[in-house]
Amino acid sequence: MVTLGNAAGPARRVLRKGLWGLMLLLSVAIYGSHAPLLTLCKVDGTIPFSSASVVVLVELTKLLLSLLFLLTCNRELLRVTVSWRHVVPFALSALLYAANNNLVVHMQLFMDPSTYQVLSNLKIVSTALLYSLFLRQSLGVRRWLALLLLLAAGLSYSCGGLRDPGSNSEMQLHVTLLGLVLLTVYCLISGLSAVYTEAILKSQALPLSLQNLFLYFFGVLLNLIGYLWSSMEGGFWEGFSSWVLVIVLSQALNGLIMSVVMKHSSNITRLFVISCSILVNALLSVTLFNLQLTLLFFVAVSCISLAVHLYYGVT
């Protein structure tokens, strides 16, 4: 019996590591497939649905999945004593995420999509800086170099890692001064929302499923208010297709995975997951849309590989 008990410990650890790895790979796949899925949703080259309604549905799906998990797997948590001090901090977290989602839409009025794709990579630096500052995590020179390599990978891929065989035009970036201001605010809020949420999740002794319930309740509430405030002509479901529903479900699942990552790992892990999703994005883009890989794609892959080695592989 003692032997079996001793053997069960390593087996559980191996199982946990395997599940953790599968979860991260799934998140990489979801991040990487998001842009191709949006392209499949387009009608005559434009997105036919309201991004605000999609955000509301994603938050609602995360809320329902969290509640389902709570009722089926952690029903005893319903008897846990919860104070308003546990709940209120998630309102600010949801507010930051809602502001970030709205900024993504409005800032692109002052820059072209290619410029946004390139410059939005700067949120890697802002997230790392805020993570180091507010969570008092000393990263060291080697790990900062790894994060700068992630930034270089994102910039390389965004500047032309994929190419349309029928297009010979070079990328030209265009951004206004107001666009740069909004981009700076976006990067700061993006990093702050992620770091603040990680701090709440780790500082409270409450189980993650209950914390998710609080976070996504406020997420639904704030994004629904935002949708009603800015609603234009057309219904909530206008332009929806089966691909849109795939986006909603995948983004909801990815949100739940990221909450696990922030609770039990860190935002730095999240940055590596996002960067590694370049590989999935490229594979799908080549397969579905006949795009071609360029030298910059292989530069990006090399930077990511070296970054992973520096951050996780060197002792």
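Quick rundown of the values:
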read-out	value
Filter result (touching a helix residue (DSSP H, G or I) at 6+ places or on another chain (Cβ under 9 Å) and open to solvent by 70 Å² or more (accessible area, probe 1.4 Å)) within the range 230-252	237, 238, 243, 245, 249
Lone qualifier among 118, 181 - being of a type in the set (Val, Ile, Thr) and more than 24 Å from residue 299 (Cβ to Cβ)	181
Conditions (1) over 30 Å from residue 102 (Cα atoms); (2) surrounded by fewer than 17 Cβ atoms within 10 Å (Cβ to Cβ); (3) in contact (Cβ under 8 Å) with a residue 40 or more places away in the chain; number of the one not met by residue 313	(3)
Evaluation of residue 303 against (1) crowded, with 22+ Cβ neighbours inside 10 Å; (2) within 19 Å of the chain's Cα centre (by Cα) (one fails), failing number	(2)
Residues (modelled with pLDDT under 90, open to solvent by 80 Å² or more (accessible area, probe 1.4 Å) and among the aliphatic types (A, V, I, L, M)) located in the range 3-42	4, 14, 15
Near pairs, Cβ below 7 angstrom, 6+ apart or cross-chain, from the range 110-128 (over 16 Å from residue 307 (Cβ atoms)) to any residue that is open to solvent by 40 Å² or more (accessible area, probe 1.4 Å) and in a helix (DSSP H, G or I)	110/178; 116/108; 118/155; 126/188
Residues that are more than 15 Å from residue 100 (Cβ to Cβ), part of a helix (DSSP H, G or I), out of contact with any Asp or Glu (no Cβ under 6 Å at 6 or more places or on another chain) and not aliphatic (A, V, I, L, M), drawn from the range 209-231	209, 211, 212, 214, 217, 227, 229, 230
Meets criteria (out of contact with any Phe, Trp or Tyr (no Cβ under 8 Å at 6 or more places or on another chain) and hydrophobic (A, V, I, L, M, F, W, C)) for residue 274	no
Residue that is farthest from residue 202 (Cα to Cα) [pool: residues in the range 270-296 that are of a type in the set (Ser, Thr, Tyr) and crowded, with 18+ Cβ neighbours inside 10 Å]	285
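The values are calculated or read from the model by the stated rules, or taken from the named source; none is laboratory data. Just so you know, these numbers come straight off a predicted model, no measurement behind them. Cβ coordinates were reconstructed from backbone atoms using ideal geometry, including for glycine residues, and neighbour counts include every protein chain displayed. Ligands, DNA and RNA are stripped out before the accessible areas are found, and what is left, the full protein with its side chains, is counted by its heavy atoms. Shrake-Rupley method; radii C 1.70, N 1.55, O 1.52, S 1.80 Å.
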